[in-house]
Structure formats: C-alpha cells, structure tokens
Amino acid sequence: MEPCSCDTFVALPPATVDNRIIFGKNSDRLYDEVQEVVYFPAAVHENLREHLQCTYIEIDQVPETYAVVLSRPAWLWGAEMGANEHGVCIGNEAVWGREEVCDEEALLGMDLVRLGLERADTAEKALNVIVDLLEKYGQGGNCSEGRMVFSYHNSFLIADRKEAWILETAGKYWAAEKVQEGVRNISNQLSITTKIDREHSDLRNYAKQKGWWDGKTEFDFAATYSYLDTAKMMLSPGRYCEGYKLLNKHKGNITFETMMEILRDKPSGINMEGEFLTTASMVSILPQDSNLPCIHFFTGTPDPERSVFKPFIFVPNVSQLLDTSSPTFDLEDPVKKKPRFQFKPDRRHPLYQEHQQALEVIDKKEEKAKTMLDNMRKLEKELFKEMESILQNKHLDVDKIVNLFPQCAKDEIRIYKSNISS
C-alpha cells in the first residue's frame with residue numbers, strides 16, 4: 001500500500017446530473033490520527049501587524065477572511081479538505097518527485113488548503129493565493145504528529161460552482177490545469193502532463209538547468225518533474241488509475257451519492273485499510289445555479305463504509321460543531337512546544353470516541369453490526385432526501401440549518417450508544 005494515500009475527485013456537467021459540480025475526497029492518514037470537523041466564521045482583521053500563526057510558522061494576515069468548514073487532523077492548523085462560504089472546495093495530496101522535499105519548517109500543504117479557502121471566493125483565486133504563499137514562504141515540515149519525520153510536496157484539487165483547477169507542485173515550482181467539464185481525479189503522483197494552463201515562470205528553465213528536459217521535446221510536467229512514464233500512467237494498477245476508472249464508469253450519471261460510493265470502494269484501494277487508512281471523507285454538491293446553496297457532507301470518522309455523511313450548509317450564525325471538535329491544549333500542546341512532539345495527547349472528539357466504541361462492539365457481534373449499519377444508512381437516506389428537497393424546492397429553513405450538522409452528529413451518536421448499551 002502507498003503511504004498517506006489520499007484521493008480527490010471532481011465531476012462536472014455533462015458527467016453529472018442537474019447541472020451540479022460534485023467534489024469528493026478521502027483523507028488517508030496514519031490509522032490512529034483523529035480528524036475533526038470544525039467551522040470558523042468570516043472575520044475582519046484590523047491589526048495587520050499581528051501575524052497569523054499557522055502550524056509551524058507565522059505569516060502576514062489579510063484584512064478579511066471568509067467562513068470555512070474544515071476536516072483536519074486535530075493536531076494542526078490547516079486542513080486536509082474543506083469548503084468556504086462562496087462554494088470553493090479544496091483537497092490536497094502528498095506527492096513526491098525529482099525535486100527534493102524540504103524537512104525545514106515552512107507552510108504545510110494542509111495550511112495552504114485552509115489559507116486558500118479563507119482568502120479566495122473562486123477556485124482560480126484560491127490557486128493564486130496558494131502559489132503566491134508558496135513563492136513567499138515555501139512548503140515543508142513534518143506532516144505527521146510524532147517523531148517520525150514525514151514530509152512531502154503537494155498537489156491540490158480546487159473547485160467552485162463553475163470550474164475546477166488541478167495545481168501540482170515540486171518545491172516552489174508548479175503547474176496548473178483548468179477543468180471545465182467531465183471528470184478528473186488526483187492521487188499521490190503528479191498527473192498534469194502536456195495540458196498546462198498556468199505555470200511557474202521558471203518551471204521549464206529550472207527543468208533544463210537540472211537536466212530533466214532538453215528544451216526541444218514537448219514539455220510534460222509529470223514526466224519531467226517525477227519518474228513517471230506518463231504514457232503508461234492510465235494503465236498502471238495504482239489508485240490514480242482506479243479512481244479514474246470509477247469516475248468514468250458512472251460518467252453522465254454522477255450524483256453526490258455516486259461520489260460517496262466511490263469513496264467507500266475497498267477493492268480499488270480508494271477506501272484504504274491498514275496502517276494508513278481513510279480517516280475522514282468529504283463530498284460536496286456545488287450547484288451551478290447560484291440561487292441554490294452548496295451542500296458539504298463530512299464523516300469526521302474513519303472508514304466511510306462504516307460512517308455517516310453528515311450535511312453542512314453555510315448560513316449566518318451556524319452553531320459550533322462541538323461533537324466533532326477535538327479538545328485543545330493551548331500552549332501546552334506538544335505541537336507548539338519545542339522540541340516538538342514529545343508526547344501524544346488524546347485528541348478524540350465525542351463523535352470519534354462513540355464511533356470507535358461502536359466499531360469494537362460490532363466487530364465481535366455480527367447481528368448488532370447489521371442493525372447498527374442499517375440504522376446509519378437509514379439516517380443517511382433521510383438526510384439525503386432532505387438535502388435533495390432543499391435543492392429541488394429552492395427553500396432553506398435557516399433556523400433549522402444553523403443546527404443541521406450538530407444535530408446530525410447527535411443523531412449518529414445516539415445510534416452508536418443504543419447499540420453499545422443494548
């Protein structure tokens with residue numbers, strides 16, 4: 001199995017139904033890492049002399065940041081995936097290539113996900129934010145909570161209501177591909193070949209200097225900056241190819257439920273098991289009609305096959321997501337104290353704790369397992385029906401929506417508790 005193997009997908013009309021863009025991601029991380037789902041409201045920052053503390057480094061703050069909902073490893077500042085109030089969604093992937101990875105502390109790819117969401121109201125603006133920060137601060141640092149140093153470069157899939165962008169990096173160098181229709185996915189390899197819509201100004205020159213490209217043949221980013229034979233890329237048995245096959249199998253009929261099925265697929269390796277497993281999942285509906293709300297589903301628990309996709313919609317005064325928020329340790333947090341990672345605190349949030357307890361019970365009792373999974377799917381189906389009704393009827397009960405995600409988490413916890421106690 002490939003380590004830290006995430007998969008991010010996007011489907012756009014005509015591959016989808018009802019003029020919607022569908023975004024999805026599985027975050028595959030170390031098996032014992034807790035991922036929380038958290039909301040941060042929009043904010044105005046008047047004192048710009050105050051710097052913003054990211055996971056490891058401080059950077060300049062901006063005058064205004066947008067509201068975001070994030071699924072993130074509970075120990076860090078950034079996020080594996082998330083969305084903002086303007087319908088921008090971003091997921092990142094670990095990638096490696098010829099350019100050396102920097103262990104020195106800089107911005108993590110996960111910090112760049114959050115910064116892109118907080119600072120941009122379209123997908124392309126988020127791309128601009130990320131590449132500008134990459135140029136100014138660089139990327140690097142340990143991407144896992146612990147003394148094992150695990151660093152990588154990053155690729156990003158960025159989507160909004162109109163289009164998507166693939167952004168792939170190697171150190172400070174990058175290439176980007178615009179996606180306006182059909183399907184596209186990214187995994188743990190560079191995938192942009194000769195269709196390059198935007199790039200770092202020195203991308204080709206640097207490759208020539210390093211002897212990776214002769215300057216005469218057609219420039220292929222993935223072939224030049226990694227060791228891939230891009231001619232065979234779609235035939236290899238890896239998850240990138242498997243993910244592409246699953247998207248293509250459903251092309252023309254892709255819905256948010258199709259995307260969830262893909263994320264739950266174990267034979268392809270998309271739903272990972274083992275030392276690295278799928279620790280959290282996200283699916284978003286981005287209607288091209290701006291009168292309709294974007295709907296973002298998060299699990300906040302490992303293994304989407306044994307989790308509930310719970311919906312979140314941006315409205316004013318959203319209730320805090322307490323059941324999926326991990327405990328905080330402030331200045332005592334071992335991530336913030338140097339030397340870092342001297343111990344590992346218990347970061348499990350209430351939903352995660354109940355989910356883990358329930359899984360222990362159902363792993364031993366087959367009948368209980370079936371009852372619980374049936375109840376989980378029933379809850380999910382009711383939620384899907386409710387969300388579809390909102391999109392079809394164009395009516396949003398704001399008073400109910402402020403508590404939508406927190407209430408769903410409570411309903412899910414109730415299912416786990418009733419199975420454990422019965």
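Key figures
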quantity: Close pairs (7 angstrom Cβ cut-off, 6 or more residues apart or separate chains): outside the structural domain of residue 255 (by the TED database) and touching a residue at least 24 places away in the same chain (Cβ under 8 Å) in segment 374-398, open to solvent by less than 80 Å² (accessible area, probe 1.4 Å) and assigned to a helix (DSSP H, G or I) anywhere; calculated: 375/415; 376/415; 379/411; 379/412; 379/415; 383/408; 384/257; 396/390
quantity: Among the candidates 200, 250, residue that is open to solvent by 30 Å² or more (accessible area, probe 1.4 Å) and assigned by the TED database to the domain that holds residue 305; calculated: 250
quantity: Looking only at segment 294-308, and only at residues there that are more than 19 Å from residue 273 (Cβ to Cβ) and outside any loop (DSSP other than H, G, I, E, B), the one that is nearest to the chain's Cα centre (by Cα); calculated: 298
quantity: Search result, residues across segment 315-344 that are touching an Asp or Glu at 6+ places or on another chain (Cβ under 9 Å), open to solvent by 40 Å² or more (accessible area, probe 1.4 Å) and in contact (Cβ under 8 Å) with a residue 24 or more places away in the chain; calculated: 344
quantity: Qualifying residue in segment 114-124 (condition: open to solvent by 10 Å² or more (accessible area, probe 1.4 Å), touching a His at 6+ places or on another chain (Cβ under 9 Å), at pLDDT 95 or above and within 30 Å of residue 295 (Cα to Cα)); calculated: yes
quantity: Residues satisfying the stated conditions in segment 399-422, i.e. modelled with pLDDT of 95 or more and of a type in the set (A, V, I, L, M, F, W, C); calculated: 401, 402, 404, 405, 408, 409, 413, 415
quantity: When residues of segment 352-378 are limited to those that are open to solvent by 50 Å² or more (accessible area, probe 1.4 Å) and touching a Ser or Thr at 6+ places or on another chain (Cβ under 9 Å), the one nearest to residue 311 (Cα to Cα); calculated: 375
quantity: Residue list for segment 253-267, filter: outside any helix (DSSP H, G or I) and open to solvent by 30 Å² or more (accessible area, probe 1.4 Å); calculated: 253, 255, 264, 265, 266, 267
quantity: Subset tally (residues that are in contact with a strand residue (DSSP E or B) (Cβ under 7 Å, 6 or more places away or on another chain), surrounded by fewer than 23 Cβ atoms within 10 Å (Cβ to Cβ) and either basic (Lys, Arg) or within 12 Å of residue 112 (Cβ to Cβ) (or both)) for segment 144-165; calculated: 1
quantity: Condition met for residue 226 (touching a Gly at 6+ places or on another chain (Cβ under 9 Å) and either among the basic types (Lys, Arg) or surrounded by 13 or more Cβ atoms within 10 Å (Cβ to Cβ) (or both)); calculated: yes
quantity: Any hit, segment 321-328, residues being in contact with a helix residue (DSSP H, G or I) (Cβ under 9 Å, 6 or more places away or on another chain) and more than 30 Å from residue 150 (Cβ to Cβ); calculated: yes
quantity: Out of 215, 269, 274, sole residue that is touching a Ser or Thr at 6+ places or on another chain (Cβ under 9 Å) and either within 26 Å of residue 12 (Cβ to Cβ) or in the same structural domain as residue 21 (by the TED database) (or both); calculated: 269
quantity: For residue 188: the one exception among (1) open to solvent by less than 30 Å² (accessible area, probe 1.4 Å); (2) at pLDDT 95 or above; (3) in contact with a strand residue (DSSP E or B) (Cβ under 6 Å, 6 or more places away or on another chain); calculated: (2)
quantity: For residue 212: the one exception among (1) without any contact (Cβ under 8 Å) to a residue 40 or more places away in the chain; (2) surrounded by fewer than 19 Cβ atoms within 10 Å (Cβ to Cβ); (3) in a loop (DSSP other than H, G, I, E, B); calculated: (1)
quantity: Check on residue 306, open to solvent by less than 50 Å² (accessible area, probe 1.4 Å) and either assigned by the TED database to the domain that holds residue 376 or of a type in the set (Lys, Arg) (or both); calculated: no
quantity: Close pairs from segment 180-194: first closer than 25 Å to residue 17 by Cα and of a type in the set (A, V, I, L, M, F, W, C), partner open to solvent by 40 Å² or more (accessible area, probe 1.4 Å) and not in a loop (DSSP other than H, G, I, E, B), Cβ under 7 Å, at least 6 apart; calculated: 183/248
quantity: Scope segment 379-388; condition surrounded by 11 or more Cβ atoms within 10 Å (Cβ to Cβ) and not hydrophobic (A, V, I, L, M, F, W, C); matching residues; calculated: 380, 381, 382, 386, 388
quantity: Hits in segment 391-422 - residues which are under 14 Å from residue 293 (Cα atoms), surrounded by 19 or more Cβ atoms within 10 Å (Cβ to Cβ) and β-branched (Val, Ile, Thr); calculated: 401
quantity: Set 67, 43: member being more than 24 Å from residue 175 (Cβ to Cβ), hydrophobic (A, V, I, L, M, F, W, C) and surrounded by fewer than 19 Cβ atoms within 10 Å (Cβ to Cβ); calculated: 43
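The values are calculated or read from the model by the stated rules, or taken from the named source; none is laboratory data. Since this is a predicted model, take the numbers as computed values, not measurements. With ideal geometry, Cβ positions are generated from the backbone for all residues, glycine too; neighbour counts draw on all protein chains shown. Calculation scope for accessible area: heavy atoms of the full protein, side chains included, ligands and nucleic acids excluded. Shrake-Rupley method; radii C 1.70, N 1.55, O 1.52, S 1.80 Å.
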